[in-house]
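The values are calculated or read from the model by the stated rules, or taken from the named source; none is laboratory data. Only a predicted model underlies this, so the values are computations on that prediction, with no experimental measurement involved. Here the Cβ is made from the backbone with ideal geometry for all residues, glycine too, and neighbour counts use every protein chain on show. Note: areas computed on protein heavy atoms with side chains; ligands, DNA, RNA excluded. Shrake-Rupley method; radii C 1.70, N 1.55, O 1.52, S 1.80 Å.
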Amino acid sequence: MFHIVFNLNDNYVKYVAVLITSIIKNTNSLKKIKDFFNETATNKINFKQLGYQSLHECEEGYVFHLLTDGIKNENKIKLEKFEAELNTIYPCKIKIYTLDDTFLKIYSLPKIQGSHLAYFKLRMASSLPNEISKCLYLDVDMLAVSDIREIFTLDLCNKIIAAVGCFRQYPPLKAKIKHLDDFKLEPFHFNTGFMFIDLDLWRKEKIEERCFEFMAKFHLNHLGDECAINAITATNNRYLTIPLRWNLTFGTANIDNNSFNDIPKPEKNAHYDMTKLDFEHELENPRIIHFTGGGDFPNPWGSLYKTLNYNSLIPLHYQYRKKWWEIALETPIFCDELQNIKKNLKENQLNDLRQLLQLRFRDINIKAAQLQNSIIQFSKQKNTSNIGAVYKIKNQLSYKLGEIMIKNSKNLMQILQLPFKIKQISREHKEKQNIYNTLIELKPELKLQNIETYPDYKEALKLKEQLPYKLGEAFIKAYNNRWGGGDCQILFYRYA
């Protein structure tokens, strides 16, 4: 049978029911697992299939394993009825494993979305029976849009995990232990919301124990356990990369966010080792949709306006959100409960939008008053002889940062305060730049002339050769390349 594992608490039972329903509804009951071995569509992008005879388990049917910190009896009864309904479509079983999370306290691990449930996935191999050799782990905020039995034909090639990822550089993880160096993550990073796992190898290579040991040594970033799994399996290259179609996130689907082999964009966060054409092919042939990524994008049952910044009132729509709700309203046993959630969702979204608009109008009034004052002040200043090339150089961010770094490096207390002062100056500079850009849009005659036209231009050029400007310029360059050793340039310019 095909084993699929989820992490969830009692509140998420109804949502995992939607995912399970999507899996069952997309399973072609007229097709057997052996039929997938005769198809070659999955072989196009680094997808090696097993030989049919190598499968230990050829019996049709799913076993859904729920790792939880507790499910109420009411929901357990619903799950039993839910299982019975699904079995009229395709064979399946639902098994519940209640895990104790008190052991996590000794690791001082950060909560992810308000709980420690995400770490339960690390314990799947020790929780499931030893005779289960392979399983598929899925996050609850997913939706199957094809027959996912196909993934169980994958040859893991002696790797522990198969997952979807890209090249994305995260900052080093700070060490918890004195005299231990910070941990630099590998540039390739995979999302652990989808993992096809060789449980025998996971147990043999003690991945669970090693991950918890790792988390005891280093402070995790916002990705939590995902950092640990990536770090441990990167050792000796213990993971296999599979096509994007198996974990299509909102961030991935937003094609403008990404960089490709034939269209490199150094400023972009994510780089995919493929052409843009291959990437578009993956988007057109999804297997599993993942409602994550894209910063402000909420899960399907969340308000589109809840996580938005009030400066951006346009919600981020994911085309599969509507599809999720179509499946939700067809989910046996839980459909009435989900219908009520959808009904309340509309009202909640209107309330969230109303609050955002109130904040936006308040901010507009404040900025309008500031802008009016800036126009008066800037008009007076422009008519004096204070503005020239030297003035413009000294008001560039490079010069201001260099100057504050020199002034605040005389003693330890000043050095400790320096990062906060740099952040403050950078923020103030950006605000003034925004005000200036708005001013010249409203009153083009206030635009300052090119620096070369001022009488003191030659004097200004000398400032660019002085330490404050060079130090600030080096700092900005180093900051933009901060994960590539750029911080060394600052030391060079400061102490050379």
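For Glu209, the conditions (1) closer than 27 Å to Ile132 by Cβ; (2) assigned to a loop (DSSP other than H, G, I, E, B); (3) acidic (Asp, Glu) are fulfilled apart from (2). For region 272-286, the set of residues classified as touching a strand residue (DSSP E or B) at 6+ places or on another chain (Cβ under 7 Å), within 26 Å of Lys323 (Cα to Cα) and not in a helix (DSSP H, G or I) consists of Pro286 only.
Each row is one residue, and each column tells you yes or no for (1) within 21 Å of Asp200 (Cα to Cα); (2) under 28 Å from the mean Cα position of the chain (by Cα); (3) of a type in the set (D, E, K, R).
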site: Glu85; (1), (2), (3): no, no, yes
site: Asp100; (1), (2), (3): no, yes, yes
site: Ile132; (1), (2), (3): yes, no, no
site: Ile148; (1), (2), (3): no, yes, no
site: Ala162; (1), (2), (3): yes, yes, no
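For region 389-443, taking the residues that are aliphatic (A, V, I, L, M) and surrounded by fewer than 12 Cβ atoms within 10 Å (Cβ to Cβ), the one that is farthest from Ile476 (Cα to Cα) is identified as Leu442. Look at region 219-237: where a residue is assigned to a loop (DSSP other than H, G, I, E, B) and open to solvent by 20 Å² or more (accessible area, probe 1.4 Å) and a partner is at pLDDT 85 or above and of a type outside the set (Lys, Arg), sitting 6+ places away or on another chain with Cβ atoms under 8 Å, you get His219/Leu173; His219/Ala175; Leu220/Leu173; Leu220/Cys227; Leu220/Ala228; Asn221/Leu173; Asn221/Cys227. Scanning region 327-367 for residues that are among the charged types (D, E, K, R) and farther than 30 Å from Ile435 by Cα returns Glu330, Asp336, Glu337, Lys342, Lys343, Lys346, Glu347.
Within region 171-191, not a single residue is on the phi > 0 side of the Ramachandran plot and open to solvent by less than 60 Å² (accessible area, probe 1.4 Å).
Within region 338-357, no residue that is open to solvent by 60 Å² or more (accessible area, probe 1.4 Å) sits with its Cβ atom under 6 Å from a residue that is basic (Lys, Arg) and modelled with pLDDT under 90 at 6+ positions apart or across chains. Residues in region 237-247 that are within 21 Å of Asn285 (Cα to Cα) and in contact with a helix residue (DSSP H, G or I) (Cβ under 7 Å, 6 or more places away or on another chain) were compared, and the one that is modelled with the highest pLDDT is Trp246. For region 431-459, the set of residues classified as under 18 Å from Gly402 (Cβ atoms) and at pLDDT 85 or above consists of Glu459 only.
Counting only strands (runs of 3 or more DSSP E) wholly contained in region 60-141, the ones carrying 2 or more residues that are open to solvent by 40 Å² or more (accessible area, probe 1.4 Å) and either among the polar types (S, T, N, Q) or within 17 Å of Ile4 (Cα to Cα) (or both) occupy 92-98. Of all the numbered requirements in (1) over 33 Å from the mean Cα position of the chain (by Cα); (2) hydrophobic (A, V, I, L, M, F, W, C); (3) modelled with pLDDT of 95 or more, Cys58 misses one, and that requirement is (3).
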